[in-house]
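What follows draws every value from the coordinates through simple rules; no lab data is involved. Values in this document were obtained by computation on a predicted structure and should not be read as measured data. We place every Cβ from the backbone using ideal geometry, glycine too, and count neighbours over all the protein chains shown.
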Amino acid sequence: MSQESFVYTACPGWGDHDYCAIKTIVKDGKIVRTEKVSYEGPEAVYGHICQKGILSCRQPYNPNRLVQPLKRKEGTPRGGGEWEKISWDQALDEIAAKLDLIRNESGPEAVAWWSLPAALPPSMGLENVLARRFAAVFGATDPVNSIGLDNGPLFSHFYDFGSCMPSMDSERMIGAELIVVWGSNPIENQMRIAMTMVRAREAGARVVDIGLIFDGTAGFADEFVGAAAGSDGYLALAMANYVVSNELQNTEFLLAHSVAPYLVDVATGKHMRRGDDYLVWDEESGAAAAIPPKTAAMPIAKPALKGEFTVDGVVCKTAYTLLEEHLAPYTLEAAAGITRVDSATIARLAREFAITKNVYTFAALGLRYKNQGHTYRAIDLLAILCGHVGEQGNAIHLAGTASCYPLVLNDAPISQPLGLAGTKAVPIKMETFFIDASSPDNPYRAFIKTAGNPVHQQPDSKRWKAIFDKMDLVVDFDIWLTDTGELADYVLPDCMPFERMDIINMANYNHVTLQEPAIDPPDGCKTINYLLSGLASRLGLGEYFDKTDEEWLELRLQTTYPPVATLEPKLTLERLKKEKMVRMNVPAEPKFDMLAGLQLPTPTGKCEFYAERLADLGAALPLYTPVWESPVIGDIDSAYPFQLFTGRQRFFMQSMFTDDPINVELSGGEPYTRINPADAATKGLQDGEKVEVFNGRGHVVTKLELDESVPQGTLHVWFGWRARHFEEGTYSEMVTPICNPGIADELSDRWMQDWLAAGGIYYSPADFMSIEIASWDAYWDSAADIRKWDGAPTGKEA
Ligand SMILES: Nc1nc2c(c(=O)[nH]1)N[C@H]1C(S)=C(S)[C@@H](COP(=O)(O)OP(=O)(O)OC[C@H]3O[C@@H](n4cnc5c(=O)[nH]c(N)nc54)[C@H](O)[C@@H]3O)O[C@H]1N2
Ligand SMILES: Nc1nc2c(c(=O)[nH]1)N[C@H]1C(S)=C(S)[C@@H](COP(=O)(O)OP(=O)(O)OC[C@H]3O[C@@H](n4cnc5c(=O)[nH]c(N)nc54)[C@H](O)[C@@H]3O)O[C@H]1N2
Ligand code: SF4
Ligand SMILES: [Mo]
């Protein structure tokens, strides 16, 4: 009998943003189970594994897994489901020949390369770095994407706090007296963060959940506040109005750390300046005083919070006074009408939010409406007004990722061997990709996907079929046959994280952790290095792909990032192999928060709840704008009177866990549509009967389930099921696509301009991802209707 041994693995389910490294236990060449990692010292609280992580050890042995390259049978249509098994050599020869032809005839940019590694463990691993490298030396078009999916918080953080990455350690929650969970479901969707939330609540925090569906977090919370879909911006602004009208603001914080006292020219909306300096009103001298840009601390003793002044002949007001005026129309009564939260509750919550010393605002990404940019800024505003920013237990945590001190590896020279300036890759906005690819002059002839499942996740899914139909070559590299793979010409099987070596960098929990193969992959499964080296050598790019995985990892470790570079002895692959994980040189306290210390990279150096750069768009202060497509409750005139919500399933990880019958069983066995019993009665629908949910883009047919936890006006289908699980259609046909030209607006375009002007680049500085900002992900902003399904092909266009 052989002994058990273990290696560390990036959890296959880590696209939930919990980024756990897990312990994989092996015996006799087989994985026997997965466990949580036991950290020591200051990280002892971090080890975690949830039901998805526990079940993930079954995946390598799943009979549905791809284990050999597939080629669509000659003469059959895309999506026809007829495959021929071929060898890797044949696949590489044929794909390379097509890429070469396209490169010669139409230029390399006629090849679009899709790498959305967010959910692919470990997101910033070799799978991503090497894909970027290939695109860079080949010259492929990169419809920049990645974090563009989860955009609202990135927008608000950019304007309010100066950086697009709202990253922080959820341990900052400990010590909060009040936790406001806003438009998110951490108890089911961010389970490692949920663990911290449970401890924070045990330590005395009251948890208020502002949500739509009565989900797991609603059940856990001390109070659930159900808001109308997409109305949160109004709610936050009405709360802010209550705070300022009742003088409940944190004046000390506002004067020291925000632009509240900064003077604004009433006519232009621009800050008052002398030279580069900003002006505030000095109450001691009774005159304007100059504050240099990027000033973290307020240099004068008595800046005016409020008032109108004339400086150098120009009428100006403090940003705070403009805010007070701006908020005045957001009354409790008006808010009650729009949000469906009664005015007494709004007032009580606002007061509690303001007078409680330590408040932690937690939002993930559940406010996916076209108005989300303003909405997240309104939530930031409330936190800034009350000084709940940047302290232990008193902080704002948007986008809901679990992260400790970042780990920056030496990736830039690997993924951009020609330098950022010299890269041959053509980064374009994803929106531009869809517009061009959908036009009659579509410039793209090939689509290669090495990470993501775009046909499922970038709705409306029918659009993809039309785009692919114009291409000569579609390749999918995955571990399952997904909705994207089904439409491809070639489907190539990757190894699972259990089978490949990498560095687990997002899940670092202040450590550098080595992912070692626990088992050998099936013969037909190959790493991305194999795939790309095979293509590169056939395309005359072999010199760029001449290393083994281990050699690449050795290079990645040669980082100048101080927490790693200062380690003694030096961190090499050899050392990492011996120790498996090594703690970085970072302090045990404070826990990481980008906003800790409030040294902000905004132009003023302050929290900019007043965004001068948006003044000409009338958007310097957050506004409420109505949702785009989702109907307002009770809008009987709408062609599609329901809001379609396709939020997350606790036992699925997006589309990644749908192939295990246990996960499927835990998720209800089959997909169904949930509706409030009152709506079902109005529509004359019965529990358990077959229904069609439809809109102008497409439809889906499922069983109906009546459920009080779904508010009236909403239709809910859990996210994650594959198209083939449905009798007809799929919800992805109906969902409003990200980067829909109808959703992009002046505000999102301005964001892109401001971000590039502030030194932003398409590829992030550490170059782990390409970045799409400047679009709204508006999944929940989708209107639909429902009817009994009689089998007639209604709602489904040809
Ligand atoms: N198990 C599991 N976990 C996951 C994922 C997964 O697929 N499976 N996916 C991961 C990813 S990529 C992401 S981005 C995150 C997303 O994490 P979340 O943002 O937490 O997930 P959602 O399910 O989109 O939405 C959460 C809640 O938002 C609420 N909501 C919807 N509309 C509104 C509204 O207008 N106002 C308010 N106040 N609330 C509203 C709903 O009640 C819903 O339960 O989850 C991650 N975690
Ligand atoms: N209707 C609807 N649409 C949505 C959302 C929603 O809630 N509802 N959520 C949106 C959000 S927030 C996000 S982040 C996106 C997610 O969009 P994607 O990231 O495109 O979605 P995933 O299903 O996580 O795709 C990951 C793919 O990687 C594959 N994979 C897993 N492990 C490996 C591996 O080791 N190697 C390789 N090569 N492949 C692997 C999986 O099988 C899967 O096909 O979806 C968005 N779209
Ligand atoms: S919380 Fe997420 S990353 Fe952690 S074990 Fe569960 S599925 Fe894996
Ligand atoms: Mo996401």
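Computed values, structure above
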quantity	calculated
Hydrodynamic radius by Kirkwood, which averages 1/r over all alpha carbon pairs of the range 254-293, in angstrom	10.5 Å
19 Å cut-off, amide nitrogen to a point 7 angstrom out along E708 Cα→Cβ, residues in the range 325-368	none
Full-stretch length increase - K424, V45 - with 0.36 nm per residue and alpha-carbon distance subtracted	132.0 nm
Rough spin-label spacing in nm, given labels placed 7 Å along Cα→Cβ, for R575 and R538	4.1 nm
Label-reachable residues, the range 509-533, where backbone N falls under 19 Å from a point 7 Å from Q90's Cα toward its Cβ	523-526, 531
Compactness relative to 2.2 N^0.38 Å, alpha carbon Rg of the range 89-138	1.32
Protection proxy ranking of 295-303, 346-354, 492-500, 524-532 - average other beta-carbon atoms within 10 Å, highest first	492-500, 524-532, 346-354, 295-303
Using a Förster distance of 35 Å, the FRET efficiency for R33-E202 (Cβ separation, nearest 0.05)	0.80
Against the rule of thumb 2.2 N^0.38 Å, how large the Cα Rg of the range 375-533 comes out	1.37
Shape parameters for the range 234-367, alpha-carbon atoms, Rg then Dmax in Å	16.9, 48
Extension gain from Q753 to A301, taking 0.36 nm per residue of separation minus the Cα-Cα distance	159.1 nm
Nearest-20 debye value, the range 272-369 charge dipole, Cβ charges on Lys, Arg, Asp, Glu	440 debye
Rotationally averaged projected area of the range 227-300 (alpha carbon convex hull; nm²)	7.1 nm²
Net charge contributed by nearby residues that have their C-beta within less than 13 Å of H48 (K/R +1, D/E -1)	0
For the range 381-473: lysine pairs under 18 Å (alpha-carbon distance), excluding those fewer than 8 apart on one chain	5
Per residue convex hull volume, Cα atoms of the range 555-630, in Å³	236 Å³
Sites E670 and A287, calculated FRET efficiency, Cβ-Cβ separation with R0 51 Å, nearest 0.05	0.10
Inter-label distance, nm, simple model (7 Å from Cα along the C-beta direction), E223/I54	3.4 nm
Full-extension gain in nm, E325 to V67, via 0.36 nm per residue minus C-alpha separation	86.5 nm
Nearest-0.05 FRET efficiency for S439 and E333, computed from C-beta distance (R0 45 Å)	0.40
Gyration tensor over alpha-carbon atoms, the range 40-194, equivalent ellipsoid semi-axes in Å	40, 24, 15
Along each principal axis, Cα extent of the range 522-674, largest first, Å	66, 52, 41
Longest to shortest principal axis, alpha-carbon extents of the chain, angstrom	80, 71, 59
Simple Cβ-charge dipole of the range 46-122, Lys/Arg +1 and Asp/Glu -1, about Cα centre, in debye nearest 20	520 debye
Cα convex hull of the range 452-587 - mean projected area over all directions, nm²	11.1 nm²
Cubic angstrom per residue, convex hull over Cα atoms of the range 455-516	107 Å³
